[in-house]
Amino acid sequence: MTFTRICHSGPVTELYSDRDYILAGIGSQLHVYCVSSKKELQVIDVLSARVIHGIIPSEYSITPVRTFCIYGQKCIRMIQYDDINKKVDLIGSVVEFDDWVWNVSFIEDEVICLALGHNVIVTYDLKNQCLISSVHCQEKCILYCAKFICSRSDCVILAAGTVFNQVLLWSSQSNTDEYNRVIPFHRLTGHQGVIFSIDYDERSDMICSVSDDRSIRLYQLKFVTTLRYVKDWENIESILLHVLYGHSARVWDVTLLTNTFVSVGEDSTCCVWSYSGKVIQKFKGHKGKSIWSMCVDKEEKNIVTGGGDNSIRIWSLNDVNNKLPCVTSLDLKLDDDDFPRNTQLFDIDKVIVVTNKGKVLLYDINSEDCNVIMYDDIFSSYTVMDVCIHTNTIAIGNVHGTLRILCLKDFNMKNGTSIITADIDVCTGKILSILWLNSNTLLTTAPDGIVDLWCVNINKDNIEMSKLYTMELNRSKHRWVTAATLCNNGGYIICGDRTGSLFVYKLIEDKAIGDLIQTLPKLHGKGGVTYIGCHGDYIYTTGRDGVYRLFDLDDNSNLHLLQNKKVLKGLDWIEKLNIIDNDNIQVIGFHSDTFIIWSIEENQKLLEIECGGGHRAWDIIYTDTLACFVYVKTREVKMVRTKLKSNQSIIKKCLHGRELCDGKFISNSKDKNGNKIVAMVTCSEDTSICLSFLYYGNCLPYLDICDTLTGHISSVRCLYVCSSSYNTRHSDTSDRKLIFSGGGRSQLKVWRIVANFSNQLDKPCNSCVDVPQVHSGDRIGSDPTVCENNCDNIAQKVTNCEISPLSQSQIVENNTSDSMCNFNYECLGGLQLSSLTRKHWKPWRQPINNSDPETRIVDISVITPEDRNQPESTLFMIATACSDGIFRVLTFCEASKKIELIASLTYHDHSILKTSHFIIPTCKNIDNQSLDDSCHGECSDKSGPIKILVMSAATDGKVAFWDMTDLSSMSTEPVFTVDVHQSGINSLYFGEYTDDRYVLVTGGDDNAVNINILMINIVDNIINISICYNGGHLSAHSAQITGVHYIPHNKIVTVSIDQRICLWCIEQENQSKISVRQLDSMFTNVSDVSNIDTLNDESGKLCILVTGNGVEVLELHHDNGASIGS
């Protein structure tokens, strides 16, 4: 049996960019990416069992084949990159030195110099593979960084950042002292922390250092002569130019460019500075903490950054000097006693303005002409308005209940515009809101919550209006519609009001009324619902609570809540969503007094305009490159026209922003070509859960992070995946699973997911099958394709009104996706164990209550209905290992979505770390068989009576066994305990060893693997457990063991913090003692390993998922091709 690495994703520790390719060091592997196609071209293991920290090109090599030196830890290795074939080839073998390598530089074609960890410069001959010289500095201390600022055969200068917060400049070619050590000729002092990076620009003779103290220090070097030999360097002077603070945490790296310099740090921010000491631009897109690596291409056009979130991003330097958006006031030529009350954009070049005197103005931005298209004093003082840009139609209402439709034909700002109008009396009071639902359907809200739907037909010379349906909103303080959409072929309408509630009405045609079938009161809080839109089979809603929600419609057309998503801290006012595709959602809203457009995919702001906040009339239309934003402020209509262009390109997607705590395989399948696809889920310290697919297609396995589940308020410590008992609306080919997640603040959540292994994408909405898929920029000036069921799925615009509530229109929808597989998921429920007695007044909102921050759910084990031989049941039993030493048992009903606490067992006096369960058939024929003549489970019958055995392991090194067959009569004392470790048990496995014996495998903080072979007898319905054999290995690893797995019939797999994954064989020494013998061992690129999970595929291989500071998938297979476990 041997291990094979399939895929690894971890922190990006080194980058190099040139022309159209990027070389990235991730763990021990070198990844080659194409910039233009954003595709990974090659993965090659360069420094096995090490981490790549540097990629240094040789200036002596000739393109297109270029030589690089790759270094990491104590080793180097030479490679060649062929730019024509986009391929990396290894040269020679790994060369190891006796100290840490901080920097490498070529001084000749076949000669390099290296800066080692204790301030030593080594010269090495690559051709002859021999050491030429080794020169020590007089100040022999530990270095935290080093940089060769001059590397020629006749002049080698090293800038060394010491542990004493200084930068030492010295040369291996300077004179030595009596101990044959070189005295540094210059020191740069002033930092209050260790030096992390140094860079030097030979064009300007500037040197820069960054430190643990969050500062950046920029120096100017002064030379006596224009020459640059060792003697010239020995006489330099340094002048401190700036001490700069722009990062909120430690600064890791800096690069000096021609006109600017760039720094990255622990705050995941990339700062672009001018040499005058000002921050020109801040790039924020990486999640979590730390941008670990950075490089700039030779043309100084792009910055490439690699983060601890495993992503690689390209930032454009061309736009860093762009000025802030310019705000201009529109010259409307109004009377002194008149002023604008409302404004909306007619298209990206034309603005509609309604004044206090009842004028409707059309302003052309390009020509700056302003025409009065209507003047009627019955619309003075109060007006509500909405614009349909597809038909060039304006709907306005007044305080007297009059609705007027204005259709503008034949735009001509010089000679006037042809206008068709029509009036209708909607009510006796004022019209509270107007919304265009599509090009010919209009919604109005009258006093007392009366909502009318109107059909508006625009002919050549007239406008015909007729009432379609009438509905009534529930009583509330603010009783008008702020957002609405038609769904289910126009047979239903979903409305949101100013109190934050959602209403679903069934439109009954013969009665011309809307029948209220569902109410979700105050869903989006007291700020109100701002947007309702359809995308595929789902409904999206937003509000002024900073959350957008995802629903689907059940068979009765009731809204079924799937997800709640908080977008950004401080973004408490979400106005609308622009859903370009499933992975790319743009959020439009207000962050305090600033209007922003936020990209969820890129994790950054696309547009930011200070306008004073959203409590004013405003509107925006934007394309892929241009945005036009208008708003009313200080009795003026102000306008901002600016470029809307993302300065970021994502080459590699992010996984998690912090360390992974757990990971599980969900299921596997094959694509059309027979390539394996594996679905998996991971959780992290960053409070998120990621769903991803691993594709085995082509020659490079590819990890695609599809979705991120949010809802935990602290770190997610553990996961459990099992089959769902609920028959969802999805197709039979879908794989329905439940995911139980637990973590900090004693929080438990349950998710239901469907992994769709197919090339079929999400269907468009039921009524708009033939609507073309367009991007946000295509909506301007385009002719919409309208379905026959009054459901335009064409993006319009965002608009708001100073007096009336927001007018809502629909959104662009694009279902295209590059991934052949996707997930459907919903949150079924959640609770916090310390808040079980608190009553939930709004259970459909799944609220999160305050809890004891000290208690964490560390591990979960779930007994499914199939485990209990009750396939018709929807009740799941949940065993939770808690950090407060209480072993809690809960139940979850998938039908009612309720979680209840059943028992709290206080046997353990220490924190519980692990739990597991196993089903014991009671019909086994128990014989005292030896270890070698067993029947290996062939006589098992698990369809008959069973016993549910649950294990718990704590930090005292004990494993307790509990009988949880009948929760009503469960004992508060375990049926059996065994002391297996000196300290905490970090990993636990229990399974069938032979027909009548079971194996307990544990790994602990004491670096030991312990194996117990147990015999279980059931007498008078009581479980009796005895130990037949035990043993293990006292020093199986050099650090704590965090994962174990048993492979039938005598193999185990272990993984440890020491980054080794080992395969062991169980051997019997005598009648009571067993031992383990190591068969194979492999280094994993994942540091701080937290857990492993396994999956047996159809080919007989064992897939192993390793999680920690990154994720890695390995395969264990027989050398002879036999199935694992055979």
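Is at least one residue of the stretch 50-67 among the polar types (S, T, N, Q) and within 29 Å of the chain's Cα centre (by Cα)? Looking for residues that are among the polar types (S, T, N, Q) and within 29 Å of the chain's Cα centre (by Cα), one finds none in the stretch 50-67, hence no. When you go through (1) over 22 Å from Arg475 (Cα atoms); (2) open to solvent by less than 20 Å² (accessible area, probe 1.4 Å) one by one for Asp555, which number turns out not to apply? Of the numbered conditions (1) over 22 Å from Arg475 (Cα atoms); (2) open to solvent by less than 20 Å² (accessible area, probe 1.4 Å), the odd one out for Asp555 is (2). Figure legend. Inter-residue proximity from the stretch 657-682: first residues under 18 Å from Ile1104 (Cα atoms), second residues of a type in the set (A, V, I, L, M) and in a loop (DSSP other than H, G, I, E, B), beta-carbon distance below 9 Å, spacing 6+ or different chains. Indicated pairs: Leu660/Val1086; Ile677/Met820; Thr682/Leu655.
When the residues of the stretch 671-691 are filtered to those that are among the small types (Gly, Ala, Ser) and within 11 Å of the chain's Cα centre (by Cα), the one that is farthest from Leu1095 (Cα to Cα) is Ser688.
Among the numbered conditions (1) at pLDDT below 95; (2) in contact with a Phe, Trp or Tyr (Cβ under 7 Å, 6 or more places away or on another chain); (3) open to solvent by 40 Å² or more (accessible area, probe 1.4 Å), tell me where Arg228 comes up short. Every condition holds for Arg228 apart from (2). The residues of the stretch 689-713 that are out of contact with any Asp or Glu (no Cβ under 9 Å at 6 or more places or on another chain) and open to solvent by 30 Å² or more (accessible area, probe 1.4 Å), listed by number, are Asn698, Cys699, Pro701, Thr708, Thr710, Ile713. Residue count for the stretch 74-85, restricted to those that are open to solvent by 50 Å² or more (accessible area, probe 1.4 Å) and in a loop (DSSP other than H, G, I, E, B): 3.
Within the stretch 558-594, track down each residue that is of a type in the set (Phe, Trp, Tyr) and either in contact (Cβ under 8 Å) with a residue 60 or more places away in the chain or within 24 Å of Cys270 (Cβ to Cβ) (or both). The answer is none; no residue qualifies.
Selection within the stretch 1-19: residues that are buried (at least 17 other Cβ atoms within 10 Å of the Cβ) and touching a His at 6+ places or on another chain (Cβ under 9 Å). The member of this set that is farthest from Cys654 (Cα to Cα) is Met1. Quick one: what pairs do we get from the stretch 119-139, first residue within 17 Å of Val94 (Cβ to Cβ), second acidic (Asp, Glu), C-beta under 8 Å, 6+ apart or different chains? Matching pairs, first to second residue: Asp125/Glu110; Leu126/Glu110; Lys127/Glu110; Leu131/Asp125. For Thr972, the stated conditions do not hold, so it cannot be described as among the β-branched types (Val, Ile, Thr), in a strand (DSSP E or B) and either touching a helix residue (DSSP H, G or I) at 6+ places or on another chain (Cβ under 9 Å) or surrounded by fewer than 18 Cβ atoms within 10 Å (Cβ to Cβ) (or both). When we screen Val251, Val279 for residues that are in contact with a strand residue (DSSP E or B) (Cβ under 6 Å, 6 or more places away or on another chain) and in contact (Cβ under 8 Å) with a residue 40 or more places away in the chain, the only hit is Val251. Taking strands (runs of 3 or more DSSP E) as the structural unit, those lying wholly within the stretch 1016-1126 and holding at least 2 residues that are closer than 29 Å to Ile946 by Cα and under 39 Å from the mean Cα position of the chain (by Cα) correspond to 1041-1047, 1051-1056, 1087-1096.
Quick check on the stretch 516-538. Is at least one of its residues surrounded by fewer than 20 Cβ atoms within 10 Å (Cβ to Cβ), without any contact (Cβ under 8 Å) to a residue 60 or more places away in the chain and closer than 23 Å to Trp454 by Cβ? Yes, that holds for at least one residue.
Of note, Thr542 does not satisfy the criterion of being hydroxyl-bearing (Ser, Thr, Tyr) and open to solvent by 10 Å² or more (accessible area, probe 1.4 Å).
Cβ-Cβ contacts under 8 Å between residues 6 or more apart (or on different chains), taken from a first residue in the stretch 961-987 that is farther than 21 Å from Gly1003 by Cβ and modelled with pLDDT under 90 to a second residue that is surrounded by 18 or more Cβ atoms within 10 Å (Cβ to Cβ) and acidic (Asp, Glu), are listed as Met970/Asp963; Ser971/Asp963. Residues of the stretch 391-411 being crowded, with 17+ Cβ neighbours inside 10 Å, out of contact with any helix residue (DSSP H, G or I) (no Cβ under 9 Å at 6 or more places or on another chain) and in a strand (DSSP E or B), which ones? Residues satisfying the conditions are Thr393, Ile394, Ala395, Leu403, Ile405, Leu406, Cys407, Leu408. Go through the stretch 356-366 and give me each residue that's touching a residue at least 24 places away in the same chain (Cβ under 8 Å), touching an Asp or Glu at 6+ places or on another chain (Cβ under 6 Å) and more than 19 Å from Tyr622 (Cα to Cα). Result: Asn356, Gly358.
Of the strands (runs of 3 or more DSSP E) contained entirely in the stretch 243-337, those carrying at least 3 residues that are over 25 Å from Glu610 (Cα atoms) fall at 251-256, 260-265, 291-296, 302-307, 312-316. If you check Ile207, Ile216 for being more than 18 Å from Leu168 (Cβ to Cβ), touching a strand residue (DSSP E or B) at 6+ places or on another chain (Cβ under 6 Å) and modelled with pLDDT of 95 or more, only one passes: Ile216. Where strands (runs of 3 or more DSSP E) fall entirely within the stretch 619-659, those with at least 2 residues that are open to solvent by less than 10 Å² (accessible area, probe 1.4 Å) and not charged (D, E, K, R) are at 626-633, 636-643. Contact annotation: residue pairs with Cβ atoms under 6 Å, 6 or more positions apart or on different chains, pairing a residue in the stretch 615-636 that is closer than 15 Å to Asn342 by Cβ with a partner that is open to solvent by less than 10 Å² (accessible area, probe 1.4 Å) and hydroxyl-bearing (Ser, Thr, Tyr), are Arg616/Tyr631; Ala617/Thr343; Trp618/Tyr631; Asp619/Thr799; Val630/Thr343; Val632/Thr343. Summed over the stretch 982-1006, residues that are part of a loop (DSSP other than H, G, I, E, B) and open to solvent by 10 Å² or more (accessible area, probe 1.4 Å) total 5. Where residues in the stretch 587-618 are over 24 Å from Tyr363 (Cα atoms) and among the aromatic types (Phe, Trp, Tyr), which of them is surrounded by the most Cβ atoms within 10 Å (Cβ to Cβ)? Result: Phe590. For Ser1056, the conditions (1) hydroxyl-bearing (Ser, Thr, Tyr); (2) surrounded by 23 or more Cβ atoms within 10 Å (Cβ to Cβ); (3) touching a Leu at 6+ places or on another chain (Cβ under 7 Å) all hold with the exception of (3). From the list Asn759, Asn727, pick out the single residue that is modelled with pLDDT under 85 and more than 30 Å from Ala879 (Cβ to Cβ). Of Asn759, Asn727, the one residue that is modelled with pLDDT under 85 and more than 30 Å from Ala879 (Cβ to Cβ) is Asn759.
Ser714 meets the conditions (1) over 22 Å from Glu659 (Cβ atoms); (2) touching a residue at least 12 places away in the same chain (Cβ under 8 Å) in every case but one. The failed one is (1). Would you please list the contacts, defined by Cβ atoms under 7 Å and residues six or more apart or on different chains, that run from a residue in the stretch 1-21 that is in a strand (DSSP E or B) to a residue that is basic (Lys, Arg) and surrounded by fewer than 20 Cβ atoms within 10 Å (Cβ to Cβ)? Final answer for the pair search is Asp18/Lys298; Tyr21/Lys86.
The values are calculated or read from the model by the stated rules, or taken from the named source; none is laboratory data. Only a predicted model underlies this, so the values are computations on that prediction, with no experimental measurement involved. Heads up, the Cβs are rebuilt from the backbone with ideal geometry, glycines too, and the neighbour counts pull from every protein chain shown. What goes into the accessible areas is simple: the full protein's heavy atoms, side chains included, and nothing from ligands, DNA or RNA. Shrake-Rupley method; radii C 1.70, N 1.55, O 1.52, S 1.80 Å.
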